[in-house]
Amino acid sequence: MGDGTSENPYTREDVLRLIEENGGKARGLDLSSKYFKERINLNQTNLEGIILNYSNLVGANFKLARLSDASFIYANLKETNFNDASLKNVQLLNAQMFSTDLTGAYFEGSNFKGAYLITANLKDTNLKNACLDKVDLMGANFEKSKLVGTSLNGANLFDAHFSGVYLSDVQFDNNTKFEHVNWCDFILGEEIEGEKTKNRYFFNWAIDTYRRLKIWYTEHGIYDTAGMFFYREMEVKRKVRNWKEELHLKLWSWILRLLCGYGEKPERSVISAAAVIFVFTLTYFGLNSWSAFGHSLYFSAVSFTAIGYGGWINEKWINIKSDWIIGFGVTETVLGVFMMALLLVTFVRKWTR
């Protein structure tokens, strides 16, 4: 029988015995500052309301355990397994949770203030309304986690993995360390859910969150990441718009997306310009009785850039008196002026930040 000392730590049987002696319930049972056998198996146990402050629970297995209202203040929870556990309103202030596995755990309303969750696995975890103020989350994996209403004020998120995470109504401030977060493809869970359900509310939440993250990164001078969130914001707005009700806005969104990625992808402007020149080259080549392809390409490039033909164009090269060629030439010039301006604005926007 263990007594909770480092020489004689508690086992699962000891914990169950103590719960039985406490009236068959863990609530109010105070096992603070006690040692537990390394990697103790407490899976599927009812430990609601138990007090484990300052306790040593290295490698403990709490899989599917019921831990609502439990207290782990300053507890050592290194490499602990909380898979699919219920931890509503748990107190984890200043707890040591290095490499802890929290996959699928439910933490609604829990308080993590000051906890160390370095390299912790929070994949699919529900942290709704949890407090993660000033928590060290370096390298933590938040893939597909639900953080609705969670507070991340001052949290250290260095190298944390935020792929597909739900961030609706998440609180964060200028002291939150988002600088080196790995956002993967920058697509949040709200946008993914909106795509699945076609529910406009998810898209609206995604727009709001993308905008807030864009502002945070802009204020901290990380313009490339801010630009990625601006791109996602514009993408969701495009998805929300209806072809029947907002035809002009939907069409304009598609044009900007294709031509320049809403001003965030200058390479698209270059590719679009090259594509227009090539298409018109084929048009002139076909209309000009199949004369030299190079002459048609030259005429197309001059028309697109609107630099003027001058004496460069030889009528033997191309029939510039043809109404069709004149019409296409004027059309290409108008497109070219617009696309050259768009290209210039996109490059200036991207490279002068």
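Rounded to whole numbers, the Karplus 3J(HN,Hα) couplings from phi for the range 61-71 are 9, 10, 4, 6, 6, 9, 10, 4, 6, 6, 10 Hz, using 6.51 cos²θ - 1.76 cosθ + 1.60 with θ = phi - 60°, and x at Gly and Pro. Taking amide H positions as modeled 1.01 Å from N, with prolines and chain starts lacking one, the residues under 5 Å from VAL170 and 5 or more places away or on another chain are GLY149. Taking Cα atoms, how many degrees apart are the long axis of helix 200-219 and the longest axis of the chain, rounded to 10 and kept between 0 and 90? Relative to the chain, helix 200-219 is tipped by roughly 90 degrees. First check a/c for the range 9-89, with a ≥ b ≥ c the square roots of the eigenvalues of its C-alpha gyration tensor; if it is under 1.5, answer rounded, and if not, answer prolate when a/b is larger than b/c or oblate otherwise. Cα axes put the range 9-89 in the rounded bin. Rounded, prolate or oblate: which fits the range 1-142 when a ≥ b ≥ c are the square roots of the eigenvalues of the alpha-carbon gyration tensor, with rounded for a/c under 1.5 and prolate only if a/b beats b/c? In terms of gyration-tensor shape, prolate. For the range 213-240 versus the range 128-158, the inter-centroid distance based on Cα atoms is 20 Å.
Relative protection proxy for 242-254, 172-184, 80-92, from highest mean packing down: 80-92, 172-184, 242-254 (other beta-carbon atoms within 10 angstrom).
Principal-axis analysis of the Cα atoms of the chain puts helix 266-287 at an angle of about 30° to the longest axis. Does the chain come out rounded, prolate or oblate by the C-alpha gyration tensor, with a ≥ b ≥ c the root eigenvalues, rounded set by a/c under 1.5 and, if not, prolate when a/b is larger than b/c and oblate if not? The shape class here is prolate.
Rounded to the nearest whole Hz, the Karplus-based 3J(HN,Hα) values (6.51 cos²θ - 1.76 cosθ + 1.60, θ = phi - 60°) of the range 15-29 follow the sequence 5, 5, 5, 5, 5, 5, 5, 8, x, x, 10, 7, 4, x, 5, with x at glycine and proline.
Relative to the longest principal axis of the Cα atoms of the chain, the long axis of helix 293-305 lies at roughly 70 degrees. Each other residue within a Cβ distance under 13 Å of ASN53 adds +1 if Lys or Arg and -1 if Asp or Glu, for a net charge of 0.
Quick note: the coordinates plus some simple rules give every number you see, no bench work behind them. Treat the numbers as computed from the prediction; the structure is a model and nothing was measured. Cβ atoms come from the backbone with ideal geometry, glycine included; neighbour counts cover every protein chain shown.
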